[in-house]
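Everything below concerns the one structure shown next.
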Amino acid sequence: MIRLANENDIDEIYNLNTELFLVLNNLKEDIYNPIGFPKEFINAMIKAVSSDYILVEEDDRIIGYALIEQRESPYKQYDSFKEDNYSFIYELIILPEYRSKGYGKQLLDKAKDWTKSRNLSSIELNVLSNNYNARAFYEKVGFEEYQIKLRKSI
């Protein structure tokens, strides 16, 4: 079942978020700590008008989520840029034992519906360059590379 989160889901979201940050820490330990966002952040995102946690449930438990937020281009006041209102997926996680069963695609389908319902033009997300499984999944469901972010440690 796919549904939007409410305040009763904070603890389960927090646990999944902590698991996500353990994975991110393994991929990029110089950037990510192995702890999730605080529960206050999760609660604020649930309550905000511009964001939602989209949950996927199986066996009476939350097995994954996508955190999505409505955004607008910070440059839209300049004629050089076209106006672009879009949604941004901060995070998407499915518990390992439930992966490759279509749940991630279901979350992204719901994210697409969420985006359309707000008359937004596109969905964006970031993925670590060395997270090959995630990159392959996003490309498989239609996401295309359009910008590359580079980093140099000093």
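Computed values, structure above
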quantity: Members of the stretch 32-50 that are at pLDDT below 90 and loosely packed, with under 11 Cβ neighbours inside 10 Å; calculated: 33
quantity: Residue among 95, 55 that alone is at pLDDT 95 or above and not small (Gly, Ala, Ser); calculated: 55
quantity: Residues within the stretch 62-98 that are touching a Gly at 6+ places or on another chain (Cβ under 7 Å) and either among the β-branched types (Val, Ile, Thr) or over 30 Å from residue 16 (Cα atoms) (or both), tallied; calculated: 2
quantity: Test: residue in the stretch 66-83 that is of a type in the set (S, T, N, Q), buried (at least 20 other Cβ atoms within 10 Å of the Cβ) and at pLDDT 95 or above; calculated: no
quantity: Matching residues, the stretch 36-73, being in contact with a strand residue (DSSP E or B) (Cβ under 6 Å, 6 or more places away or on another chain), over 14 Å from residue 14 (Cβ atoms) and not in a strand (DSSP E or B); calculated: 50
quantity: Subset of the stretch 8-31 [of a type in the set (S, T, N, Q) and surrounded by fewer than 17 Cβ atoms within 10 Å (Cβ to Cβ)]; calculated: 8, 15, 18, 25, 26
quantity: Any hit, the stretch 114-136, residues being modelled with pLDDT under 95, assigned to a helix (DSSP H, G or I), surrounded by 15 or more Cβ atoms within 10 Å (Cβ to Cβ) and among the hydrophobic types (A, V, I, L, M, F, W, C); calculated: yes
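The values are calculated or read from the model by the stated rules, or taken from the named source; none is laboratory data. Note that the coordinates shown come from a computational prediction; the quantities given were computed from them, not determined experimentally. Because the Cβ atoms are built from the backbone with ideal geometry, glycine has one as well, and the counts that use them run over all protein chains shown.
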